[in-house]
Every structure is written in C-alpha cells, then in structure tokens.
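Below: one structure, written as structure tokens.
The values are calculated or read from the model by the stated rules, or taken from the named source; none is laboratory data. If you're wondering where the values come from, they're calculated on a predicted model, not measured in any experiment. Reconstructed Cβ throughout: ideal geometry from the backbone, glycine too, with neighbour counts over all protein chains shown.
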Amino acid sequence: MLRNLFHRKTDNLQEKQEIEVAEPTVELPQSEETSNEEGTWFARLKAGLSKTRNNILGQISGLLRVGRTIDEELLEEIEEILIQADVGVNTTLALMDNVREVVRERGLNDASELADILKQEILTVLGEDARLSVPEGQLYTILVLGINGAGKTTTIGKLAHRFRSEGKRVLVAAGDTFRAAAADQLAIWCDRAGVELIRGSEGADPASVVFDAMEAAKSRQVDLLIVDTAGRLHTKKPLMDELSKIGRVMGRASSEAPHEVLLVLDGTAGQNAIMQAKVFNEAVPITGVAVTKLDGTAKGGIVIAVKQEIGAPVRLIGIGEKLDDLRDFVGHDFVEALFEREQSSDN
C-alpha cells in the first residue's frame with residue numbers, strides 16, 4: 001500500500017515541468033497588534049495549526065486506541081496519514097523506520113504507546129532549533145528568496161519590525177525590480193516598521209540596486225540589511241542567474257555576505273514547496289527557511305520535511321497577519337501544538 005502511494009506521489013512530481021506559481025496578492029499590513037506573552041503565542045500557534053492537527057492527530061489518535069496491537073499494518077496506516085499531511089515520502093519513511101526501531105528495542109505491543117514515540121521522532125527529524133539572530137558589531141545581511149505569493153514581502157516587513165524593536169538599525173533593499181508595485185508594497189511595510197527602503201526604478205538592474213543598498217548600509221552603520229528579490233518564473237534560468245548575481249555582488253561588497261539566505265515557503269503549497277526550495281538552492285545555497293500561512297493549511301507537515309529534504313533548518317514560522325505572528329521556530333512548541341488535544345468544554 002505504502003509503496004504504491006510512494007510511486008503515485010513520485011509520478012505526480014515528475015510530471016510537473018514547471019513549479020506552480022501562485023498569482024501574487026497585494027500584501028499589506030493588516031494590524032499593528034502584537035503580544036509579547038509566550039502563553040498567548042503558544043495559544044495562537046496551537047490555533048494556527050488546528051487544521052494540520054486535526055488532519056494528522058485526528059486520524060492517528062483513532063488508530064492508537066488502547067488495546068490495539070502494534071503491527072506492520074498499523075505502522076503503514078500511520079505512514080500514509082503522514083504522507084497525506086505532506087510530511088513527504090522520504091521523511092516519513094525515515095521517521096517511521098526510527099519508530100520501528102524504538103518499538104523493537106523496547107518490546108512495545110500496545111498502540112497507545114506510540115504517540116509519545118512519534119513526537120520524539122519528529123523532534124529528532126526537526127533537529128536542533130536554529131533561531132535567527134543578528135550579531136552585534138557588524139553589518140549582517142539577509143537575502144530573502146521565494147516565489148510571488150509565498151508571503152515574502154510580509155515576512156520582510158515583520159522581520160524589519162522585529163529587529164528594529166530589538167534596537168537594531170535596519171535597512172531594506174527592494175531587489176524585485178521586475179514586478180509592478182513590488183517596491184510600493186514593500187514601502188508600505190517598511191513605513192509601518194519604521195525602517196528605510198532603498199529602491200530603484202521599475203525594470204532597473206536588481207544587482208545594481210542591491211549594491212547601492214550595501215554601500216548605504218555600510219556608510220550609515222546599519223546593523224541589518226534585508227534584501228528582497230524577484231520571485232516570478234523561478235524555474236526559468238535567467239531569474240536563477242540573476243539571484244546568483246545578487247549573491248555575488250553582496251559577497252564582493254561585504255565579506256561573508258549574504259550571511260543568511262532565507263527562503264520563504266508557502267505552507268499551503270505542500271510538497272510543491274520542496275520542489276521550489278531545491279530550484280532556489282541551486283542558485284544561491286539556502287541557509288534557512290521561513291514557512292508561512294500555516295494557519296491556512298491542513299498539510300503543515302511540510303515543516304517536518306524541510307530540513308531532511310533541503311538540508312536547511314526551518315528558522316521561522318508564520319501563523320497569521322499580525323506583526324508578531326512570525327516567530328522563531330521552536331521544534332518542541334511546534335510538536336506540542338501539533339499533538340495537544342483540544343480541552344473539553346466541560347472541563
């Protein structure tokens with residue numbers, strides 16, 4: 001059953017000659033409301049993951065009833081649920097191989113004992129937390145990649161707000177000069193965040209705009225420069241060449257730049273997001289991933305697959321439109337929010 005599912009998934013991916021591109025929407029700040037209470041954030045994270053939690057936990061919990069014996073049929077049913085939640089074939093097989101090993105080592109028989117093992121093995125796949133931070137005493141640069149519609153502009157605006165709130169001097173470069181109104185949308189977010197935007201004319205050479213921004217950042221003793229890039233037609237070599245060129249220009253302007261290459265993935269894109277990541281990674285090696293729109297999908301299992309499939313950690317997740325609804329990814333919180341059951345209204 002699982003192997004047939006694997007072949008169906010693989011065939012579907014191979015048939016895609018181009019990665020699907022969502023039409024861009026106007027990304028505008030929805031609210032300045034923020035909350036610094038971690039308990040409130042966990043509640044929002046749990047609510048944001050409700051569709052994925054119901055999709056994964058709702059099905060798995062029905063299988064892990066007390067008294068059911070752990071056997072190969074049960075394990076394959078769990079595998080299929082994880083794959084359908086877009087954890088991915090490769091990641092699911094690796095994860096479940098680890099689960100089988102633990103079951104054998106501990107001599108487990110009761111299916112109800114599998115929930116905690118699944119949680120621990122998911123944490124193992126996610127690896128150590130890799131939070132995004134800006135060091136003191138030097139210009140730090142973040143090059144942001146992603147297709148149009150993935151939430152790239154929103155992510156940049158929220159990052160600018162976050163680091164300015166931490167006392168950093170932040171500058172943003174509008175490196176997407178191909179899309180009409182791209183810089184205008186970014187300007188709205190920068191204005192909301194209270195940071196300056198370096199932009200060129202529409203159709204200008206993106207690398208030239210980025211070079212000017214690098215020079216401005218150095219002369220103004222900026223702590224953080226965030227660089228936006230184009231995201232349309234990402235399967236076309238000219239755009240990939242342009243992204244590579246921007247990376248080289250940044251490296252020539254400042255040693256070790258870009259320090260962070262952050263890929264923004266739309267959580268609703270599922271396995272297609274992994275395909276996107278692999279294409280971008282060929283142009284500029286990705287060092288971190290931000291997964292957005294997790295509150296809009298039942299297939300948030302993509303977060304679990306990212307590191308194994310791409311080789312770069314999830315650094316940030318987004319579960320809403322508020323300025324602080326983009327947070328550092330904490331694996332333990334993610335897994336707990338994913339598996340925590342809803343409290344009964346009678347309690």
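Quick one: in region 46-90, which of the residues that are closer than 30 Å to THR292 by Cα and of a type in the set (Gly, Ala, Ser) is surrounded by the fewest Cβ atoms within 10 Å (Cβ to Cβ)?
Taking the candidates together, the pick is GLY62.
Can you go through ALA85, ALA94 and tell me which one is among the hydrophobic types (A, V, I, L, M, F, W, C), under 17 Å from GLN271 (Cα atoms) and modelled with pLDDT under 90?
Working: ALA94 fails: modelled with pLDDT under 90.
It is ALA85.
Modelled with pLDDT of 90 or more, part of a loop (DSSP other than H, G, I, E, B) and not charged (D, E, K, R): which single residue out of ILE304, ILE286 fits that description? It would help to see each step written out before you state the result.
Details: ILE304 fails: part of a loop (DSSP other than H, G, I, E, B).
Matching residue, one of ILE304, ILE286: ILE286.
Kindly indicate whether PRO258 is out of contact with any Cys (no Cβ under 7 Å at 6 or more places or on another chain) and within 22 Å of ARG327 (Cα to Cα).
yes
Consider LEU123 carefully, then state whether it is under 26 Å from LEU159 (Cα atoms), touching a Gly at 6+ places or on another chain (Cβ under 9 Å) and not in a helix (DSSP H, G or I).
No.
Before we move on, is VAL195 touching a Lys or Arg at 6+ places or on another chain (Cβ under 6 Å) and under 27 Å from VAL291 (Cβ atoms)?
Values: touching a Lys or Arg at 6+ places or on another chain (Cβ under 6 Å): yes; under 27 Å from VAL291 (Cβ atoms): yes.
When the stated conditions are applied, VAL195 passes them.
Quick test of your reading of the structure: GLU256 fulfils all but one of (1) at positive phi; (2) under 13 Å from the mean Cα position of the chain (by Cα). Name the failing condition by number.
The failed condition is (2).
Take THR292 and tell me if it is modelled with pLDDT of 85 or more, closer than 20 Å to ASN90 by Cα and either of a type in the set (Val, Ile, Thr) or out of contact with any Gly (no Cβ under 7 Å at 6 or more places or on another chain) (or both).
Numbers: modelled with pLDDT of 85 or more: yes; closer than 20 Å to ASN90 by Cα: no; either of a type in the set (Val, Ile, Thr) or out of contact with any Gly (no Cβ under 7 Å at 6 or more places or on another chain) (or both): yes.
Here the answer is no, as THR292 does not meet what is asked.
So, in region 274-294, of the ones that are under 22 Å from ASP328 (Cβ atoms) and without any contact (Cβ under 8 Å) to a residue 40 or more places away in the chain, which residue ends up surrounded by the fewest Cβ atoms within 10 Å (Cβ to Cβ)?
PRO285
Determine whether LEU159 is farther than 25 Å from ALA269 by Cβ and buried (at least 22 other Cβ atoms within 10 Å of the Cβ).
No: the conditions fail for LEU159.
Just to be sure before I move on: is LEU118 out of contact with any helix residue (DSSP H, G or I) (no Cβ under 6 Å at 6 or more places or on another chain) and either crowded, with 17+ Cβ neighbours inside 10 Å or among the basic types (Lys, Arg) (or both) in the structure I sent?
yes
With ALA204, ALA173 as the choices, which residue is crowded, with 23+ Cβ neighbours inside 10 Å, touching a residue at least 12 places away in the same chain (Cβ under 8 Å) and at negative phi?
It is ALA173.
Scanning for something surrounded by 15 or more Cβ atoms within 10 Å (Cβ to Cβ), in contact with a Ser or Thr (Cβ under 9 Å, 6 or more places away or on another chain) and part of a helix (DSSP H, G or I), does region 98-105 turn up at least one residue?
yes
Tell me yes or no: at least one residue of region 310-331 is part of a helix (DSSP H, G or I), in contact with a Leu (Cβ under 9 Å, 6 or more places away or on another chain), in contact (Cβ under 8 Å) with a residue 40 or more places away in the chain and within 13 Å of ILE122 (Cβ to Cβ).
yes
Which residues, taken from region 295-308, are surrounded by fewer than 20 Cβ atoms within 10 Å (Cβ to Cβ) and of a type outside the set (S, T, N, Q)?
Keep residues of region 295-308 that are surrounded by fewer than 20 Cβ atoms within 10 Å (Cβ to Cβ), which gives 296, 298, 307-308.
Scanning region 295-308 gives GLY296, ALA298, LYS307.
Report the residue count in region 213-247 for those that are more than 25 Å from GLY149 (Cβ to Cβ) and either without any contact (Cβ under 8 Å) to a residue 24 or more places away in the chain or among the aromatic types (Phe, Trp, Tyr) (or both).
Summing the residues that are more than 25 Å from GLY149 (Cβ to Cβ) and either without any contact (Cβ under 8 Å) to a residue 24 or more places away in the chain or among the aromatic types (Phe, Trp, Tyr) (or both) in region 213-247 gives 1.
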